[in-house]
Structures are given as structure tokens and as C-alpha cells.
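The values are calculated or read from the model by the stated rules, or taken from the named source; none is laboratory data. Predicted model only: the values in this text are computed from it and were never measured. All Cβ positions, even for glycine, are placed from backbone atoms using ideal geometry, and neighbour counts span all protein chains on display. Ligands, DNA and RNA are excluded from the accessible area calculation, which covers all protein heavy atoms including side chains. Shrake-Rupley method; radii C 1.70, N 1.55, O 1.52, S 1.80 Å.
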Amino acid sequence: MPRSKSPRALHHAAIVGLFLLVASTAFPANVVIPRMDLITKGSMVGGSFSLQTFGDFSLEFQGGYKFGGSLDFGIQDTNLESFSTTSTPLSFQGASIIIRDLLGAPLSLTYFVGQDDTFCSGDGFALFGAQPIMTAYRGYMYFSTGPVYDGIYQVDGTGMRLEWIPKIENLSLDWYIYEDTRATFPGISTASPIISGPGTYSTDLRMLLNYAAVKVEAFFGSTLTPSSLDYYFRGGLLFYATDRNVEFLGQIGIPKWDPLVDSAPTINHFYLLVEPRLHLGKFSIIPTFFWHPSYYMEAGPNPGEAGSFDINLNLAIGDATQDSLQGGLESNLRFLSGTQGAFTLSPWLGVSTPGVLWKLKVASQVWPFDWAAIVQVFVGAQAQL
């Protein structure tokens, strides 16, 4: 007997159908691939060298500036080799329709459902056409066994976004209000989602400030479940500055603080990343210091993450912003909560080609010595759109 669909699934299906109908009959649609990451990890498992491939793909239908709508499908899976052939290849990720120049002012109103903006990742400055500033110390290549860290928080639900851009070159203010429908936590199976059903509502305020030498992003938000009177807060700040051959990136925030559980935030609530960068011609020295939060996005507490701290040093030659060859050596010292930690050395090689960044990294855990972690090979291709 076929399974009946849930009301939420029917809701998403209806929205998808509406967007496809409007996009196909009213305005010509553009099809783009805004995100495409493919990373294969080779490591010893049970005495054999095996491969496991992480894939994060997104296919977006855009209605153009006049229509102001988009429809997003994608795949995110940590083991594509075992990806079920009976499951739907593409899953619904998000959709939105934008009303621009509201009331003749520099305002836009967006109705969205599904995944929306990610806060304090550095990606938001693409709105101003800025050059990428985000850290390379993010994603599956660095966090293949735990939460796949990328930014401090992502909006996910059904609601509205009001965007005010009084200065198109350097200032944007956003207000989000939505039913929070996040039901899963990407990249980890041991953490339970905080939100597992309807009736939970969230609101967030975000500011983007963009200048050539300084960039700032800040947000503050809260979540409330009226039926149980549960509530919690979050907030964060990204700061970037550059002067000639020196750059500085800082990300600090609290992904989730529940006053009913903790009277005040503790150090384990914080997401903290500090990354100074020194460029001497084609040679770069990039140390990264990262403190893991006990809660990330809207799941947790995550076993082993509270109190964990990373020190990563990347000695690189080449320029990833140009079509050229890069290489280097990374050393990583990870202090794991409740254990002695681990030290890893990773020579790497990268190639920038038009539209794609290729990277090969061979990671070897030299302390404590473990045959299972003596060699881990990562081969990745990331679309640069």
C-alpha cells in the first residue's frame, strides 16, 4: 500500500508546482548551478582502503530580475557510493518570490520556503559584487567526521524577508520572520534536531556593511514555540579587514542559547574563528584558530564538540583567485573534548581552472599514531560561479 504524504510534503509540492507554472508561463527561466562540491575521501576502514564521496549540489531555476523568483533543488549526501537508487535524486531545497522597489523605496519583500540565507559565512557580500573573503577552513574537507561547519546560522522555514538597501554599494539591512521547519542537521547523525514539528517561529535581523578595506556582518535572532513557551536566542558577528599584504577574518557568535537551561552563555556556546593572513608575493601564511560550539545550527548538544579547539596552519604558494597552480603544507592540531587530541600533516595541491577549483590533499595523523589514520586522501572539485 503506498504511503500517504504528510501535509508538509503536500505543502512543498504545491509550492513547487506553483513556481514551475508561473516561471514557465509568465517569464523565461534561467537554469544555473550555484553550488557544486564533490569531495572523495580515501581512508582505511576495517583493514581495507575504501572511498567515500561527499556531494553537495544545487540546481536553481531563476525567473530573472523582473519575475524575481527562484526554485532550488539539490543533493547533499556524505556517501554517494551508497546513495539509494530508489530515493528521489533531487530534493526540494527552497523557493522564493521577490517584490522589488516596494512602495517606491529601496525595499524588497521576499516570500520564501525552505533553505534561505546563511549568516556570517562571508558569502553574503556577493550582494555587493565583493571578492571572496571567507575562510577555506570550512566544509567537508576539514570536517568529514562531525558537523560540516560553514557559517554560524542558516535560515530554514516558511516566511518573509524584508530587505532595505539604502546604499547599494555598501549597506544592507534584512528582517526575517518565519515558521522554523528545520528537521535535520546536516553532517551529523548523533545530534537531535531542536525543532521537530510545526508551530515553532523565528525572527532574525541582519546587517551587511561593505567597504573595500573593511566588511562587517552582524545578526541577532530568537525562536519561540508558543505551545510549550520554549524560547532561545542566537547572534553573531563577522569582521574582515585588509591592508596591502595583510588580511584579518574573525567570526564570533552563539548559534543557540536557551535561558531556561543556562542562566548565562558559557564558552561552550560560542562559535569562534580567528584567521590572520599574511601574503608575501605568492607565498601565504594563514593560521586559523577555531573553537567549536556545543550547539550548531539548531541541533545539539553535539557529543565531543563542546570544548574542542583547532589550530590549523596553512603555508601556501600560489594564488587561488587566478587560473594557476597552487600548493602547500597544512599542519593541524585538534584538541578534542575528553581526549588527548590529534596532530595531522597535510601536503596539498590545487589547480584553478575556469569555473572549477581542484584540490588534492593527503592527510596523515602523526600523533597519536594510528594505522587507520596514517593516510587519508581527499580529492575535491568545487564550482567557482
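Just to verify a number: FRET efficiency for LEU205 and SER228, C-beta to C-beta distance, R0 = 25 Å, to 0.05?
0.55
Given the pairs LYS167/LYS256; LYS41/LYS256; LYS215/LYS256; LYS167/LYS359, which are separated by over 28 angstrom at their Cα positions?
LYS167/LYS256; LYS41/LYS256; LYS167/LYS359
Kindly identify the stretch 93-158 as rounded, prolate or oblate by the Cα gyration tensor criterion: order the square roots of the eigenvalues as a ≥ b ≥ c, call it rounded if a/c is under 1.5, otherwise compare a/b with b/c, prolate if a/b is larger, else oblate.
Here the stretch 93-158 falls in the oblate category.
Can you sort LEU237, LEU51 by solvent-accessible area, 1.4 Å probe, largest first?
Descending accessible area places them as LEU51, LEU237.
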